[in-house]
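Visitor: Below are the structure tokens for one structure; questions will follow.
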Amino acid sequence: MRVSAGSDHAGLKLKGLLIEHLTSLGHEVVDLGTHSSESVDYPDFGAAVGESVCSGETDLGVCVCGTGMGIAIAANKVHGVRAAVVHDVTTARLAREHNNANVICFGARIIGEAVATDALVVFLRSEFLGGRHLRRVEKIAALEHRQADDTTPDMKPLEGANK
Ligand code: RB5
């Protein structure tokens, strides 16, 4: 399988371990960065992984930041991405079986390395169950299309934001 991987500085070490493990299992990994411990912004890497998966360059993506949440939120802005923050093998399996998740996200400051590695392997082996879950995933795609057609600006200025 071809897998894209991306992280910010907080996820750098865990991303490296996960890439090593995937490679040892024979998967082909595209490492989209970050490549150093210098502080960076997680949306850049969530977007890169999401775009890589949705363009068909890879089959699935793996994202890591401190909590897994910021990078998942960013990846999910790419239409076609279904990124799930996963905490164990059960959430990894259900993210594929029920949500047809195509990007798995980990919080390096939250999850143990062994648990993350096992969860990733389960994620890659699990398959979407379809059926009633297909109807629900299709509704997510319909929502994306509706949003794409919507011409209202999608960001109001945040209260208290620096002008
Ligand atoms: C970086 O310090 C941290 O905010 C980031 O890795 C992530 O946890 C955000 O969701």
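Readers should treat all values here as calculations from the given coordinates under stated rules, not as data from a laboratory. Just so it is clear, the model here is predicted, and its values are computed rather than measured. Every residue, glycine among them, receives a Cβ derived from its backbone with ideal geometry; neighbour counts consider all protein chains shown.
Visitor: Please work out the ratio of the alpha-carbon Rg of the chain to 2.2 N^0.38 Å and round it to two decimals.
Guide: 1.04
Visitor: I would also like to ask the following. Excluding residue 1 itself, what net charge comes from residues whose Cβ is under 9 Å from its Cβ, given Lys and Arg +1 and Asp and Glu -1?
Guide: Value of the local net charge: -1.
Visitor: Give me a comma-separated list of calculated 3J(HN,Hα) values for the range 41-54, in order, Karplus coefficients 6.51, -1.76, 1.60 applied at θ = phi - 60°, integers in Hz, x for any Gly or Pro.
Guide: Ordered by residue, 3J(HN,Hα) equals 9, 4, x, 4, 8, x, 5, 4, 5, x, 5, 5, 5, 6 Hz.
Visitor: Taking the Cα centre of the chain as origin, sum charge times position over the Cβ atoms of Lys and Arg (+1) and Asp and Glu (-1), and report the length of that vector in debye to the nearest 20.
Guide: 540 debye
Visitor: Compute the FRET efficiency between residue 134 and residue 35 as 1/(1 + (r/R0)^6), taking r as their Cβ-Cβ distance and R0 = 45 Å, and round to the nearest 0.05.
Guide: Step by step, r from the Cβ atoms, then E = 0.75.
Visitor: So, one more: Could you work out how much longer the chain between residue 118 and residue 142 gets when fully extended? Use 0.36 nm per residue separation minus the Cα distance between them, nm to one decimal.
Guide: 5.4 nm
Visitor: Further question on the same structure: From the Cα trace of the range 7-101, what convex hull volume per residue do you get, rounded to a whole Å³?
Guide: 92 Å³
Visitor: Between residue 98 and residue 13, what FRET efficiency follows from the Cβ-Cβ distance if R0 is 30 Å, with the result rounded to 0.05?
Guide: Once the sixth-power term is evaluated, E becomes 0.50.
Visitor: For the ranges 83-92, 130-139, 21-30, what's the packing order if you count other beta-carbon atoms within 10 Å of each residue, average per peptide, and put the highest first?
Guide: Those peptides, ordered most packed to least, come out 83-92, 21-30, 130-139.
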